[in-house]
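The values are calculated or read from the model by the stated rules, or taken from the named source; none is laboratory data. What you see is a predicted model; the values in this text were computed from it and never measured. Because the Cβ atoms are built from the backbone with ideal geometry, glycine has one as well, and the counts that use them run over all protein chains shown. Just the protein is used for accessible areas: all its heavy atoms, side chains included, with ligands, DNA and RNA removed. Shrake-Rupley method; radii C 1.70, N 1.55, O 1.52, S 1.80 Å.
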Amino acid sequence: MDFTFTEEQQAATEAARAVFSGVAPDAVPSPALVPGAVAEDIDRPLWAGLAAGDLLSLTLDPEHGGAGLDLVALCLVLRESAKVLARVPLLETCAVAMAIQRYGDQGLAAELLPRVGRGDLVLTVGANGRTGHDPAELAVTARPDGDGSTSNDNNDSTHNSGGGIRAASWVLDGVQSGVPWAQTADWIAVPAHTGDGRAVLALVRHDDDGVTIAEQVSTNGELFGEVGLTAVRIEDRRLIDAADAWEWLRSVLTTGTCALALGLGEAVLAMTSQYTGKREQFGFPIATFQAVAVQAADRYIDLRAMEVTLWQAAWRIAVGGSGALPPAGDVAVAKIWASDGVRRVVQTAQHLHGGFGADTDYPLHRFHAWAKQIELSLGPAAAHEEALGNLLAAHPLD
């Protein structure tokens with residue numbers, strides 16, 4: 001295996017480090033000290049810095065003002081962002097932009113994507129459904145505008161290549177819960193299902209008629225939203241009905257979440273190493289105690305496993321590399337390691353820091369809250385273990 005990154009990917013990493021170098025993880029009130037959200041908006045100066053550093057356009061094609069890089073490059077940037085708990089929807093915006101570029105209406109892509117790269121637009125996605133436990137696409141229905149018919153008699157519709165109805169406009173009804181920074185986002189990608197059972201991806205604006213956003217607060221104290229859709233009408237070009245569009249976007253989001261887990265875990269282990277190297281008991285740094293060293297070594301192994309499974313998943317999605325299982329299998333393995341690994345890393349860090357780790361004047365408790373959010377985002381380890389089991393049953397290994 002060759003894990004060497006290309007010059008372009010390494011340059012993206014260096015650019016990200018430069019942008020994130022001035023970000024303080026404790027720049028907003030602690031989630032442990034405020035009853036609601038830690039802030040009403042994303043970190044706008046940082047968002048502008050990402051745009052100025054061409055990091056928001058990293059995965060966009062040159063025709064849209066981007067660098068044309070792949071998911072691996074995006075994950076490298078996400079890894080750096082998590083080390084400082086960057087309060088920006090970098091993953092959501094880039095993932096939705098990539099889906100629009102890959103599957104969406106080309107005219108709409110030409111309108112939106114250059115503005116995304118310049119930082120003028122914020123995108124997000126509802127990936128949790130109504131409860132976070134059921135498939136997100138089942139929480140919203142999409143039907144052709146008019147009489148709701150799925151037959152050939154609808155004069156405002158034509159058949160698409162997948163055998164379903166291609167309507168002039170669509171009507172959306174349902175709820176997506178836990179949408180990151182929904183109040184801030186200009187556009188929200190909403191997975192939905194049609195009358196014939198297809199999963200589609202609708203692009204709605206926060207100010208569309210029938211869209212309501214109720215405030216929710218995430219585990220890490222960020223402002224999320226429950227997006228309600230009541231007879232929301234969107235034009236045809238704002239509905240992506242490619243057969244694998246939502247599955248692909250969900251895989252990108254899940255893989256990006258694994259990159260966030262890796263970056264956060266690396267930052268926490270480095271923080272723990274510095275603390276245990278200075279904290280003394282019986283006249284010696286506690287890092288020299290075997291019990292401490294063994295626990296830290298175990299967490300280092302977790303991080304390396306998180307890293308290798310992350311790059312395997314990102315590579316499968318980026319280049320379509322062959323494997324015994326579909327790319328979803330590699331994504332599931334990566335998320336299993338990311339969820340379990342980041343939880344073990346922060347728990348060990350809290351243990352080795354002692355009471356100091358719970359001090360709200362010290363940033364470790366913030367990393368713990370973010371780690372829990374990342375662990376559960378897009379499904380905990382148990383959910384992906386079940387998905388992996390289903391894939392193995394459907395694709396027996398020789």
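Just a few scattered comments:
- Sorting the segments 186-196, 48-58 by their mean number of nearby beta carbons within 10 angstrom, highest to lowest, gives 186-196, 48-58.
- Relative to its residue count, the range 33-72 spans a Cα convex hull of 108 Å³ per residue.
- Cα shape, the range 253-398, gyration tensor, a/c 1.5 rule: prolate
- Placing dummy labels 7 Å off each Cα toward the beta-carbon, the span from Glu8 to Ala243 is 2.9 nm.
- Calculated FRET efficiency for the pair Phe356/Ala110, C-beta based, R₀ 56 Å, to 0.05: 0.60
- Distant-in-sequence amide contacts of Ile213, defined by a placed amide H-H separation under 5 Å and a gap of 5 or more residues or a different chain, comprise Gly228.
- Cα-based shape type of the range 7-159, given that a ≥ b ≥ c are square roots of the gyration tensor eigenvalues and the cut on a/c is 1.5: oblate
- Rolling a 1.4 Å probe over the protein heavy atoms gives the chain an accessible area of 43 Å² per residue.
- Pair-distance profile P(r), taking every C-alpha pair of the range 67-114, with 10 angstrom steps and integer %: 23, 49, 24, 4
- Residues whose amide H lies under 5 Å from that of His206, counting only those 5 or more places away or on a different chain, are Ile188; hydrogens are built 1.01 Å from N in the peptide plane.
- Lysines whose Cα lies under 23 Å from that of Lys372, excluding same-chain neighbours fewer than 8 positions away: Lys83, Lys335
- Computed across the chain, the Kirkwood hydrodynamic radius from all distinct Cα-Cα pairs reaches 21.9 Å.
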